[in-house]
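*Asks:* I am attaching a structure below and will ask some questions about it afterwards.
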Amino acid sequence: MTETFDRTEPLVARTRSELTAARAELGDGGVAVVMTMGALHEGHSALIRRARADARHVIVTIFLNPLQFGPREDLSRYPRTVDSDMAICRREGVDLVFLPTPDVIYPEGDPGVRVSAGPLGNVLEGQARPGHFDGVLTVVGKLLHLTGADLAYYGQKDAQQLILIRRMARDLDFPVDVVAVPTVREADGLALSSRNMYLTASDRETALCLSRALAAGAAAATEGPSAVRRAARAVLVGEPLALIDYLVLVHPSTLEDVPEWYRGEALLAVAGRVGTTRLIDNVPVNVGPGGGALEIFSDAAGRDDGPSSPTGSTGPLAL
Ligand code: AMP
């Protein structure tokens, strides 16, 4: 089927059978999915617009996945704004919105069999949130199967998630192209996030140190890794109200610290707590001559096995 729809209202599916019926209307081939937890903002819209530009049909999933929240995390207070989410989907010309409840996705309760994120799932965000990425990859795998999408769009904002979803698609032969979309920011640099709703006015001011630190680090990229880290850290130490969990400059495929001799693409990532809210942000940087901030990594960046040492063999990564 090659028909195009001129839809003013997205199809809405809440159950598996509704999804199957709606999905049959769209036909096969050229179907993109944008997976979200709701509380949609301009960052999500950017993913949808990019998907619309590339694909014949766009499916948005809105599902607050309990599997990826730890027992002490913010699942119950996570913002739920379905009416405004639907208005955004309508405005962006989404074809189908899948809005399941947990019992639709996990009809037999928490799944006994899950996707393991492996070692990359235990560092950075995974260290702070044990099991988080197993929960993410499990639901991403299920939603890819259920939607039958050929293309899937994820934000650079959640860099480790993006890297792991790419790895899962490769390692487990999912027939999907994973597309990265640059981080959308407020004019003052704050990365858009559904969790920004939790910030008070003064928290928000404090939170700006994260993007400022990343910008300062990226601006030092021509001078090498330690200059990047030093410049970023200098901004964060000036803001004691942000409780920094980590600030790292890591290789985009191994997520290990890049050594001082390293030149090429690296991920400068930060996480911290501001008020009661945990925030993450990152910027891909090109370290070395002509270096600086990148919008997203090149296709090759996440595919190799880590930095090669100056002698050509894979070198030790610890500094
Ligand atoms: P979430 O609803 O937070 O799970 O996010 C759904 C998707 O939107 C993920 O692929 C995120 O990386 C992406 N996303 C969230 N915030 C932004 C942002 N500020 N810019 C670009 N993409 C984003």
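*Asks:* Would you mind finding the one in 115, 136 that is closer than 19 Å to residue 280 by Cβ and either part of a helix (DSSP H, G or I) or not assigned by TED's automatic domain parsing to the domain that holds residue 250 (or both)?
*Replies:* Being closer than 19 Å to residue 280 by Cβ and either part of a helix (DSSP H, G or I) or not assigned by TED's automatic domain parsing to the domain that holds residue 250 (or both) holds for just one of 115, 136, which is 136.
*Asks:* List the number of the failed condition for residue 279; all other conditions in (1) part of a loop (DSSP other than H, G, I, E, B); (2) among the hydrophobic types (A, V, I, L, M, F, W, C); (3) crowded, with 22+ Cβ neighbours inside 10 Å hold.
*Replies:* (1)
*Asks:* On to the next question. When the range 40-49 is examined, which residues are found to be crowded, with 20+ Cβ neighbours inside 10 Å and of a type in the set (D, E, K, R)?
*Replies:* Those that are crowded, with 20+ Cβ neighbours inside 10 Å and of a type in the set (D, E, K, R): none in the range 40-49.
*Asks:* Inspect the range 50-68 for any residue being more than 10 Å from the ligand (Cβ to nearest atom) and without any contact (Cβ under 8 Å) to a residue 24 or more places away in the chain and give the result as yes or no.
*Replies:* Among the residues of the range 50-68, at least one is more than 10 Å from the ligand (Cβ to nearest atom) and without any contact (Cβ under 8 Å) to a residue 24 or more places away in the chain, which makes the answer yes.
*Asks:* If you don't mind, there's one more thing I want to ask. Can you tell which of 20, 15 is exposed (fewer than 15 other Cβ atoms within 10 Å of the Cβ), polar (S, T, N, Q), in contact with a strand residue (DSSP E or B) (Cβ under 9 Å, 6 or more places away or on another chain) and modelled with pLDDT of 95 or more?
*Replies:* Matching residue, one of 20, 15: 20.
*Asks:* Separate question: Of all residues in the range 109-132 being under 24 Å from residue 299 (Cα atoms) and touching a residue at least 60 places away in the same chain (Cβ under 8 Å), which is nearest to the ligand (Cβ to nearest atom)?
*Replies:* 125
*Asks:* Report the residue count in the range 139-169 for those that are of a type in the set (Phe, Trp, Tyr) and farther than 18 Å from residue 280 by Cβ. Spell out the reasoning first.
*Replies:* So in the range 139-169, the residues of a type in the set (Phe, Trp, Tyr) come out as 153-154.
After this cut, where a residue has to be farther than 18 Å from residue 280 by Cβ as well, the list is 153.
Residues flagged as of a type in the set (Phe, Trp, Tyr) and farther than 18 Å from residue 280 by Cβ within the range 139-169 amount to 1.
*Asks:* Could you list, in sequence order, all residues of the range 102-112 that are out of contact with any Leu (no Cβ under 9 Å at 6 or more places or on another chain) and assigned to a loop (DSSP other than H, G, I, E, B)? I'd like the intermediate steps shown before the answer.
*Replies:* Going residue by residue through the range 102-112, those that are out of contact with any Leu (no Cβ under 9 Å at 6 or more places or on another chain) are 103, 107-109, 112.
Of everything in the range 102-112, those that are out of contact with any Leu (no Cβ under 9 Å at 6 or more places or on another chain) and assigned to a loop (DSSP other than H, G, I, E, B) turn out to be 107, 108, 109, 112.
*Asks:* Looking at the range 124-147, can you tell me whether even one residue there is out of contact with any strand residue (DSSP E or B) (no Cβ under 9 Å at 6 or more places or on another chain), of a type in the set (A, V, I, L, M) and under 25 Å from residue 9 (Cα atoms)?
*Replies:* Within the range 124-147, none of the residues are out of contact with any strand residue (DSSP E or B) (no Cβ under 9 Å at 6 or more places or on another chain), of a type in the set (A, V, I, L, M) and under 25 Å from residue 9 (Cα atoms).
*Asks:* A further question follows. Show the residue pairs meeting these rules: Cβ distance below 8 Å; 6+ apart or different chains; first residue within the range 146-160 and farther than 15 Å from residue 47 by Cβ; second residue at pLDDT below 95 and β-branched (Val, Ile, Thr).
*Replies:* Within 8 Å, no pair qualifies.
*Asks:* Going through 164, 172 one at a time, which residue ends up being in contact with a Gly (Cβ under 8 Å, 6 or more places away or on another chain) and within 14 Å of the ligand (Cβ to nearest atom)?
*Replies:* 164
*Asks:* Within the range 187-227, can you find the residues that are surrounded by fewer than 15 Cβ atoms within 10 Å (Cβ to Cβ) and within 30 Å of residue 139 (Cβ to Cβ)?
*Replies:* 197 - this is the single residue of the range 187-227 that is surrounded by fewer than 15 Cβ atoms within 10 Å (Cβ to Cβ) and within 30 Å of residue 139 (Cβ to Cβ).
*Asks:* Sticking with this one: How about the range 175-211: which of its residues are more than 16 Å from the ligand (Cβ to nearest atom) and of a type outside the set (A, V, I, L, M, F, W, C)? Even if it seems obvious, please write down each step before you answer.
*Replies:* Residues of the range 175-211 that are more than 16 Å from the ligand (Cβ to nearest atom), as a first pass: 175, 200-203, 205-206, 209.
Answer for the range 175-211, where residues must be more than 16 Å from the ligand (Cβ to nearest atom) and of a type outside the set (A, V, I, L, M, F, W, C): 175, 200, 202, 203, 205, 206.
*Asks:* Show the residue pairs meeting these rules: Cβ distance below 8 Å; 6+ apart or different chains; first residue within the range 195-222 and over 12 Å from residue 281 (Cβ atoms); second residue of a type outside the set (A, V, I, L, M) and assigned to a helix (DSSP H, G or I).
*Replies:* As it stands, the answer is 204/196; 220/230, since those pairs meet every condition given.
*Asks:* Of all residues in the range 228-261, count the ones that are surrounded by fewer than 17 Cβ atoms within 10 Å (Cβ to Cβ) and part of a helix (DSSP H, G or I).
*Replies:* Total meeting the criteria: 4.
The values are calculated or read from the model by the stated rules, or taken from the named source; none is laboratory data. The structure displayed is predicted, hence computed values, not measured ones. With ideal geometry, Cβ positions are generated from the backbone for all residues, glycine too; neighbour counts draw on all protein chains shown.
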